[in-house]
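Comments concern the structure below.
The values are calculated or read from the model by the stated rules, or taken from the named source; none is laboratory data. Source: prediction; values computed, not measured. Cβ sites come from the backbone with ideal geometry, for glycine too, and all protein chains shown count toward neighbours.
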């Protein structure tokens, strides 16, 4: 079973880099690399902490583990000693990916931007209630192939009136299937 992103990529016929396709096509996996984590001001860091995002760190060991559960996948991201977990699934009615971080649910769409896969926040809900636009986080996020052939990521979220909540960027190797 591929994940929600793989389903959207297939439905839209997006031509993603092979390493991005391999990662999202895997049923389960554990990948290791490194990441840099940035945070915003004090208010932003409190909101990010509440949402379960990692604290800032220059170069930290990174590990992502994915495994199927129910209609989607559990994603666990470890940044040094901090772990961020979420549940990612495909929404058949809205034709989008939905990622849940505890009481926060983010609906996302995908598109190609240059040679990478761009992730757009479509809507955010808190405890099932859609947030107004002025409370909806903005995201500039992408997945791409690095010059070494690894899976590269650059994920950020900011909140209007608050600024940067979190940005993490890095890479990890995705082996070829056997």
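Sort through 20, 16 and tell me the only one that's in a helix (DSSP H, G or I), in contact with a strand residue (DSSP E or B) (Cβ under 9 Å, 6 or more places away or on another chain), surrounded by 15 or more Cβ atoms within 10 Å (Cβ to Cβ) and at pLDDT 95 or above.
So the residue among 20, 16 that is in a helix (DSSP H, G or I), in contact with a strand residue (DSSP E or B) (Cβ under 9 Å, 6 or more places away or on another chain), surrounded by 15 or more Cβ atoms within 10 Å (Cβ to Cβ) and at pLDDT 95 or above is 20.
If you scan the range 72-83, which residues turn out to be more than 11 Å from the chain's Cα centre (by Cα), surrounded by fewer than 17 Cβ atoms within 10 Å (Cβ to Cβ) and more than 16 Å from residue 6 (Cα to Cα)?
Within the range 72-83, 80, 81, 82, 83 meet the criteria.
In the list 106, 64, which residue meets the criterion of being touching a strand residue (DSSP E or B) at 6+ places or on another chain (Cβ under 9 Å), buried (at least 16 other Cβ atoms within 10 Å of the Cβ) and under 25 Å from residue 162 (Cβ atoms)?
Just a single option satisfies the conditions, and that option is 106.
With respect to residue 86, is the statement that it is surrounded by fewer than 16 Cβ atoms within 10 Å (Cβ to Cβ) and within 14 Å of the chain's Cα centre (by Cα) true?
Taking the combined requirement at face value, the residue does not satisfy it.
Report yes if residue 97 is over 21 Å from residue 148 (Cβ atoms), without any contact (Cβ under 8 Å) to a residue 40 or more places away in the chain and in contact with a helix residue (DSSP H, G or I) (Cβ under 7 Å, 6 or more places away or on another chain), otherwise no.
When the stated conditions are applied, residue 97 does not pass them.
Can you tell me which condition residue 45 does not meet? The list is (1) closer than 16 Å to residue 156 by Cα; (2) in a strand (DSSP E or B), and all the others hold.
Residue 45 satisfies all of (1) closer than 16 Å to residue 156 by Cα; (2) in a strand (DSSP E or B) except (2).
Among residues belonging to the range 153-172 that are modelled with pLDDT under 95 and over 16 Å from residue 54 (Cα atoms), point out the one that is surrounded by the fewest Cβ atoms within 10 Å (Cβ to Cβ).
161
Any idea which of 37, 43, 9 is within 19 Å of residue 146 (Cα to Cα) and at pLDDT 90 or above?
Only one candidate qualifies: 37.
Please report, ordered by residue number, the strands (runs of 3 or more DSSP E) entirely within the range 109-178 with at least 3 residues that are touching a residue at least 12 places away in the same chain (Cβ under 8 Å) and under 15 Å from residue 44 (Cβ atoms).
151-159, 163-172
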